[in-house]
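Report on the structure given below.
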Amino acid sequence: MRLAPRRSEHVACAGGADVPAAGEMGFVPAAGRWAVDEVTNHSSGYCPDLDSWRAVGRALDRAGVEHPGRFTYEVVFRLCHECGERSMVREQDFVCVFCGNALPRTRNAGP
Ligand SMILES: [Zn+2]
């Protein structure tokens, strides 16, 4: 698991390594240690799918860090076939925010 300050570039943080999951985490002190209280798959560089949680949970378990057991904020990414932009789907509205084209229901966005 690699960590970098918020607003840094996830691709730079990865340093060329394979990336099974990417996103943002928030930590809180808990009983003299750090615990994760917020975790998301929000990475527009990698556009990880929701099933990337398995890799996040395994990494946190290996590190012995308490966590919520799921993403606390889930982001669905889709690539628009019309304009080529990556969109975040909000409230199950599969429409490109850039051109208004319908977005596919199945995952098609990645690094
Ligand atoms: Zn579009």
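Details
- Restricting attention to the stretch 15-26 and to residues that are free of Cβ contacts under 8 Å to residues at least 24 places away in the same chain and more than 22 Å from Glu85 (Cβ to Cβ), the residue that is surrounded by the fewest Cβ atoms within 10 Å (Cβ to Cβ) turns out to be Asp18.
- Any hit, the stretch 36-45, residues being in contact with a Ser or Thr (Cβ under 7 Å, 6 or more places away or on another chain), among the hydrophobic types (A, V, I, L, M, F, W, C) and closer than 20 Å to Met88 by Cβ: yes
- Beta carbons closer than 7 Å, at least 6 apart along the sequence or on distinct chains, pair a first residue in the stretch 40-68 that is farther than 20 Å from Gly15 by Cβ with a second that is basic (Lys, Arg) and outside any strand (DSSP E or B) for Asp49/Arg107; Trp53/Arg70.
- Top-ranked residue in the stretch 91-106 [being charged (D, E, K, R) and assigned to a loop (DSSP other than H, G, I, E, B); ranked as surrounded by the fewest Cβ atoms within 10 Å (Cβ to Cβ)]: Glu91
Table: residues versus (1) more than 16 Å from the ligand (Cβ to nearest atom); (2) within 23 Å of Asp18 (Cα to Cα); (3) in a loop (DSSP other than H, G, I, E, B).
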residue	(1), (2), (3)
Trp34	yes, no, no
Ser43	yes, yes, yes
Val56	yes, yes, no
Ala59	yes, yes, no
Phe77	no, yes, no
Val89	no, no, no
Asn108	no, yes, yes
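- Hits in the stretch 1-32 (condition: at pLDDT 95 or above and more than 15 Å from the chain's Cα centre (by Cα)): Phe27, Val28, Pro29
- Options Val65, Val36, Val76: the member that is buried (at least 17 other Cβ atoms within 10 Å of the Cβ), more than 22 Å from Leu103 (Cβ to Cβ) and touching a strand residue (DSSP E or B) at 6+ places or on another chain (Cβ under 8 Å): Val36
- Only a single item in (1) closer than 30 Å to Asn101 by Cα; (2) out of contact with any helix residue (DSSP H, G or I) (no Cβ under 9 Å at 6 or more places or on another chain) is not met by Ala12, and it is number (1).
The values are calculated or read from the model by the stated rules, or taken from the named source; none is laboratory data. Source: prediction; values computed, not measured. No Cβ is skipped: glycine too gets one built from the backbone with ideal geometry, and neighbour counts run over all protein chains shown.
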